[in-house]
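These notes are about the structure you will find just below.
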Amino acid sequence: MQSVTAGSEPGDLGHYRQRLLTFLEQSQHYTPAKLIVHFPIGKLFEERALLLGRMNRHEQALAIYTHVLKDTKQAEDYCRKNYNRSSEHSKDVYLCLLRMYLQPPPASSLGVSTETIPQANVTAALEVLLEHYEHIDTAKALELLPADIPIMEIDQFLCHVLSKQTVRRRNQQMLKSLLLSELLDVQQQRIAVQSQLSLITQETSCATCRKRINQSAFARHPDGTLEHYYCYQKTQSNT
């Protein structure tokens, strides 16, 4: 585990490395897939993780944070920056972090040179579940948990999820009731309008052109005003 965070080293090293990190994270003027092949295998782990993130290879990036750097804070910061519910690539980034803690990959698949053998970290996984349950698919998370994990260790997570589902169901029921009420109001208004009769006599004239309506098609306005349907269409096209 590194004793000094990348970019905070003393002197010029920290200054220039921080600039490199900022460039890799924000710049749109390079291609991550072309640049990563030039990075050393056993160094610049944070920089490699940033490049992997730009390539949407979240599991590999999180594997570096969790099993090479062993920095849970950086791993969660990475998820916070990359999580996007609307993106197919990034909607399960917290689930990827959970998987890295519960099902660590073999060292050979990390893409870096390291002598440490990745170990499961159930404690960190439970903290992720508790803190970020709103961003994690519950069913997929439960599939990842060890079969022998005591229920007491995940009871808070389950309580949060159940509470969230209860609130969501209550809100959906309220919305359904409001929509039903609105639908009934509209139907009552429709029935009231359709039940109104218009008496057309030989003297009934169009409110627009003042000519008699007789047997012509006509439009009736909510206030009872009548006009030829042709006049109505012409009026509408001019507005």
(Q) Please return the ranges of helices (runs of 4 or more DSSP H) entirely within the stretch 1-86 where 2 or more residues are open to solvent by 50 Å² or more (accessible area, probe 1.4 Å). (A) 11-26, 32-35, 58-63, 72-82
Q) Is there any pair with a first residue in the stretch 134-162 that is within 16 Å of Cys96 (Cβ to Cβ) and modelled with pLDDT of 85 or more and a second that is exposed (fewer than 13 other Cβ atoms within 10 Å of the Cβ) and of a type outside the set (A, V, I, L, M, F, W, C) whose Cβ atoms are under 7 Å apart and which are 6 or more apart or on different chains, and what are they? A) Leu144/Gln103
Q: Among the residues of the stretch 209-239, count how many are within 13 Å of Gln196 (Cα to Cα) and open to solvent by 70 Å² or more (accessible area, probe 1.4 Å).
A: 3
(Q) For the stretch 188-208, give me the residue count where each residue is open to solvent by less than 70 Å² (accessible area, probe 1.4 Å) and out of contact with any helix residue (DSSP H, G or I) (no Cβ under 9 Å at 6 or more places or on another chain). (A) 6
(Q) Can you tell me which condition Val128 does not meet? The list is (1) at pLDDT 80 or above; (2) exposed (fewer than 13 other Cβ atoms within 10 Å of the Cβ); (3) assigned to a helix (DSSP H, G or I); (4) of a type in the set (A, V, I, L, M, F, W, C), and all the others hold. (A) (2)
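The values are calculated or read from the model by the stated rules, or taken from the named source; none is laboratory data. Bear in mind that the values here come from a model prediction, so they are computed numbers and not experimental data. Every residue, glycine among them, receives a Cβ derived from its backbone with ideal geometry; neighbour counts consider all protein chains shown. For the accessible areas, the whole protein counts, side chains as well, though only heavy atoms, and no ligand, DNA or RNA atoms are used. Shrake-Rupley method; radii C 1.70, N 1.55, O 1.52, S 1.80 Å.
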